[in-house]
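In what follows, a structure is listed as structure tokens, so that the remarks can point back to it.
The values are calculated or read from the model by the stated rules, or taken from the named source; none is laboratory data. What you see is a predicted model, and the numbers here were worked out from it, not measured in a lab. A quick note on method: Cβ atoms are made from the backbone with ideal geometry, for glycine too, and the neighbour counts reach across all protein chains shown. Surface accessibility is based on the protein's heavy atoms, side chains included, excluding ligands, DNA and RNA. Shrake-Rupley method; radii C 1.70, N 1.55, O 1.52, S 1.80 Å.
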Amino acid sequence: MIFFYLILLTCAVPNHPWFGSEVGGVTLFKITGACAVLYATLRLATRKSFPPYLSSWPVRIFILLFLIALLSYSFTSGWTGISESPIATYVSLVMLFFVTVTVVDSKQRLRTSLLCLIGGLALASLYTLREWQKGGFGTDRPGYVAGDANFFAAAALLTMPLAYLLLKEKRPMWEKIFCGTCLLATVLASLTAASRGAFIGLAFTYLYLLIRSRRKLALLFCALILVPVVLFAPTSPLRRILHPDYGDISSTATHQALWRAGLGFIAQHPLSGIGLGQFKSETERQQILQDASAVGHNTYIEIGAELGVPTLLLFIAMLISLFFLLERTRRDALIRGDLFLQDVTFGLQAGLVGFAPAAFFFSAEYEKPFWIVVFLSACARRMLDVQTAAETDTPLSEQQSELRGEFDPQRVTN
């Protein structure tokens, strides 16, 4: 299990000097992942029954997206350079899905996994703040160990509301201190990253929390503290929006050129797209942008351009189904008086509400923290079903019928 927790702790530091360094083409990231898969396989062999891998719509759609990506890559790329291709990322995500659903089979493991995910983004935050400090606390945006600043800031949206809600839960003091410290580091690092898209996502997250939370005074107090930071920080995302410099204007122009190119690809190939991983090469072939690192800078346009409009609609459907899965789990947890799952699902919902609009400004389909949230959300639903079945002596197969829409109000009243 330690290998899985280690994956969560390092999921937001792709360029970590220890875990990301290659020796003979092998990294500690890959070794840790292989050990986690081996542990999950051994654990699966000792179980009396298989976990319900496809019991919720978000993971079903994820598997369907993987199959579509696999077919697209097979017909357009001919399996060349597979180790550095997007399909390799998809395969690693499938392995991560298998490990997550297999090993996270108790509420305590779910809690520990969520704390590790929060800690993983906090670790990335500390590296981001350190890079900013080494740059003299100036206007240069940090971004190396945690990857691109936009990617990091968007991923941070997924854990900030979760850390805030778990901080307010009645738990041991060390957990409160841990969540509070991680939240502070992540918020400061996110503002330091100065991502305009993530800042818009943060506004959506905050408004969602403010509207649905019963403790609005605490949220208003947090905003009161952060406003001066946002206004006067050297790398403030608000400053980049209101007073863009030459680099900001150039970045905006690049984004717009890539978006126009992506929309053109969609118009030319609306059903199948231009092929998985072909966005960079196609923009270079058409001399749209002479930059080998160019990507769509918009999750939705890039998916539509590479895999077609039907696949884009599937991805959007997955986001919507994930939101409603969390909402249904939250409501059922409220009925059962499970405060932990209430806070978890509410926090993950708030993070998703911010991450989805932020994904308009960067390519989020390969972000590991996002997919971890998808898989852990399915585990949270599973925990509630198991708990309900145990307390009511109802067979779990009947509990799972709720996931297919076969809701029996008599079981709730029981």
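Looking at Ser72, Ser92, just one residue is in contact with a Leu (Cβ under 9 Å, 6 or more places away or on another chain), of a type in the set (S, T, N, Q), in contact (Cβ under 8 Å) with a residue 12 or more places away in the chain and crowded, with 16+ Cβ neighbours inside 10 Å, and that residue is Ser72.
Answer with yes or no whether Ala364 is under 15 Å from the mean Cα position of the chain (by Cα), modelled with pLDDT under 95 and surrounded by 15 or more Cβ atoms within 10 Å (Cβ to Cβ).
Details: under 15 Å from the mean Cα position of the chain (by Cα): yes; modelled with pLDDT under 95: yes; surrounded by 15 or more Cβ atoms within 10 Å (Cβ to Cβ): yes.
Here the answer is yes, as Ala364 does meet what is asked.
With a requirement of 1 or more residues that are among the β-branched types (Val, Ile, Thr) and within 19 Å of the chain's Cα centre (by Cα), the helices (runs of 4 or more DSSP H) lying completely within segment 132-225 that satisfy it span 173-193, 196-212. Within segment 278-302, residues that are over 17 Å from Phe355 (Cβ atoms) and modelled with pLDDT under 80 sit with their Cβ atoms under 7 Å from residues that are surrounded by 18 or more Cβ atoms within 10 Å (Cβ to Cβ) and not hydroxyl-bearing (Ser, Thr, Tyr), at 6+ positions apart or across chains, in these pairs: Ile288/Ala261; Leu289/Leu258; Ala294/Leu258; Val295/Phe279; Val295/Glu302.
The set of residues in segment 29-42 that are modelled with pLDDT under 90 and open to solvent by 70 Å² or more (accessible area, probe 1.4 Å) comprises Lys30, Ile31.
Restricting segment 367-386 to residues that are of a type outside the set (A, V, I, L, M, F, W, C) and within 14 Å of the chain's Cα centre (by Cα), which is farthest from Gly33 (Cα to Cα)?
From segment 367-386, those of a type outside the set (A, V, I, L, M, F, W, C) are 367-369, 377, 381-382, 385; that's our starting set.
Next, from what is left, pick out any that are within 14 Å of the chain's Cα centre (by Cα): 367-369, 377.
Working: Glu367: 16, Lys368: 13, Pro369: 15, Ser377: 21 Å.
Of everything passing the filter in segment 367-386, Ser377 is farthest from Gly33 (Cα to Cα).
Take the conditions (1) closer than 16 Å to Phe375 by Cα; (2) of a type in the set (Val, Ile, Thr); (3) open to solvent by 40 Å² or more (accessible area, probe 1.4 Å); Val103 misses just one of them, which is (3). If I go through segment 239-288 residue by residue, how many of them are open to solvent by 40 Å² or more (accessible area, probe 1.4 Å) and not hydroxyl-bearing (Ser, Thr, Tyr)? Matching residues across segment 239-288 total 25.
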